[in-house]
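The values are calculated or read from the model by the stated rules, or taken from the named source; none is laboratory data. No experiment lies behind these values; they were computed from the predicted model shown. Neighbour counts are summed over all protein chains in view; Cβ atoms, including those assigned to glycine, are modelled from backbone coordinates with ideal geometry. Each accessible area value is taken on the protein alone, full model and side chains, heavy atoms only, with ligands, DNA and RNA left out. Shrake-Rupley method; radii C 1.70, N 1.55, O 1.52, S 1.80 Å.
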Amino acid sequence: MQIAAMRQVPPQADIAIGLAKIGTYLRTQQWRQADGTALTPTQLQILAYLAARGPTRVTAIALEIGVTQPTASDAVTALVRKGHLERQADPTDARATALHLTTKGQQAARAAAVWPDALLGAIGALAPDEQSAFARGLTKMIRSLQERGEIPVQRMCATCRFFRPNAHDDAKRPHHCAFVDAAFGDAALRLDCGDHEPADPNEQGAVWRRFASADG
Ligand code: SF4
């Protein structure tokens, strides 16, 4: 009876449950991090995002952190009032404003960008080949969600014009980054790289097939 019930659960569900548990842990950590700062987790996320990406409009912030525009606007208004952000004219569009971190905002963003030691320790405890498989699996899941329009386009190797997958005859470091002109392995695949530049959409499919071909 129990075995029959277990069979009805698709095997992917266990991975989804595992991801949900890690998501819950991260949300708890965000609230702990926010405790005592007079900022909410959403406000800290905005500061960390601006520190990574530079001045940005509120629409881009809402899209990236996965909240509605009114929610992002409220958080931004609070951050401006508290002196963490300031609005300046967007040099690319005179009618729009871009949000900039103040010195106070930069300090808070640095603190918000620190990952919990326990999480880094748990990842570090994985064997190198487990870390490689994990990074590869995450890359594939994120790209799949991107393609379905569930998450915004990420600054990841898979969509970067500098990415040369499986360019080297080296099982440990098969890929090449043409930006830094260096070989790297799956464990070093980037999911948010500051040097990312989008590849030509017409070429992304071929690049992806070359990357995924190593699974066959
Ligand atoms: S520039 Fe960054 S995203 Fe692009 S291939 Fe190199 S490491 Fe990957």
**Request:** Please work out if R155 is touching a Cys at 6+ places or on another chain (Cβ under 6 Å), surrounded by 12 or more Cβ atoms within 10 Å (Cβ to Cβ), closer than 26 Å to S73 by Cα and not polar (S, T, N, Q).
**Result:** yes
**Message:** Show the residue pairs meeting these rules: Cβ distance below 7 Å; 6+ apart or different chains; first residue within the range 84-113 and in the same structural domain as T56 (by TED's automatic domain parsing); second residue loosely packed, with under 12 Cβ neighbours inside 10 Å and not in a loop (DSSP other than H, G, I, E, B).
**Reply:** T97/Q88; T97/A89; A98/Q88; H100/Q88
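Hey, does the range 149-163 have a residue that's assigned to a strand (DSSP E or B) and touching a Pro at 6+ places or on another chain (Cβ under 8 Å)? Walk me through it before giving the result.
Going residue by residue through the range 149-163, those that are assigned to a strand (DSSP E or B) are 160, 163.
Still in the list and also touching a Pro at 6+ places or on another chain (Cβ under 8 Å): 160.
For the range 149-163, residues assigned to a strand (DSSP E or B) and touching a Pro at 6+ places or on another chain (Cβ under 8 Å): present.
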**Asked** In this structure, is A118 closer than 11 Å to A51 by Cα and exposed (fewer than 14 other Cβ atoms within 10 Å of the Cβ)?
**Response** no
**Request:** Report the residue count in the range 166-205 for those that are more than 11 Å from the ligand (Cβ to nearest atom), small (G, A, S) and loosely packed, with under 12 Cβ neighbours inside 10 Å.
**Result:** 2
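Would you mind stating whether S144 is away from the ligand (no atom under 16 Å from the Cβ), in a helix (DSSP H, G or I) and open to solvent by less than 60 Å² (accessible area, probe 1.4 Å)? I'd like the intermediate steps shown before the answer.
Values: away from the ligand (no atom under 16 Å from the Cβ): yes; in a helix (DSSP H, G or I): yes; open to solvent by less than 60 Å² (accessible area, probe 1.4 Å): yes.
Yes; evaluated as a whole, the condition is true for this residue.
In this structure, is T102 open to solvent by less than 30 Å² (accessible area, probe 1.4 Å), touching a strand residue (DSSP E or B) at 6+ places or on another chain (Cβ under 9 Å) and modelled with pLDDT of 95 or more? Don't jump to the end; show me each part of the working.
Values: open to solvent by less than 30 Å² (accessible area, probe 1.4 Å): yes; touching a strand residue (DSSP E or B) at 6+ places or on another chain (Cβ under 9 Å): yes; modelled with pLDDT of 95 or more: yes.
Considered against the rule, which asks whether it is open to solvent by less than 30 Å² (accessible area, probe 1.4 Å), touching a strand residue (DSSP E or B) at 6+ places or on another chain (Cβ under 9 Å) and modelled with pLDDT of 95 or more, T102 comes out as yes.
Can you tell me which residue among L79, L39 is in a loop (DSSP other than H, G, I, E, B), in contact (Cβ under 8 Å) with a residue 12 or more places away in the chain, open to solvent by less than 60 Å² (accessible area, probe 1.4 Å) and of a type outside the set (F, W, Y)?
On the way: L79 fails: in a loop (DSSP other than H, G, I, E, B).
Just one listed residue meets the conditions, L39.
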**Asked** Among A135, A178, A187, A158, which is farther than 28 Å from A16 by Cβ and outside the structural domain of I65 (by TED's automatic domain parsing)?
**Response** A178
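In this structure, is A212 more than 13 Å from the ligand (Cβ to nearest atom) and open to solvent by less than 60 Å² (accessible area, probe 1.4 Å)? Quick ask: steps written out before the conclusion?
Details: more than 13 Å from the ligand (Cβ to nearest atom): yes; open to solvent by less than 60 Å² (accessible area, probe 1.4 Å): yes.
Criteria met by A212.
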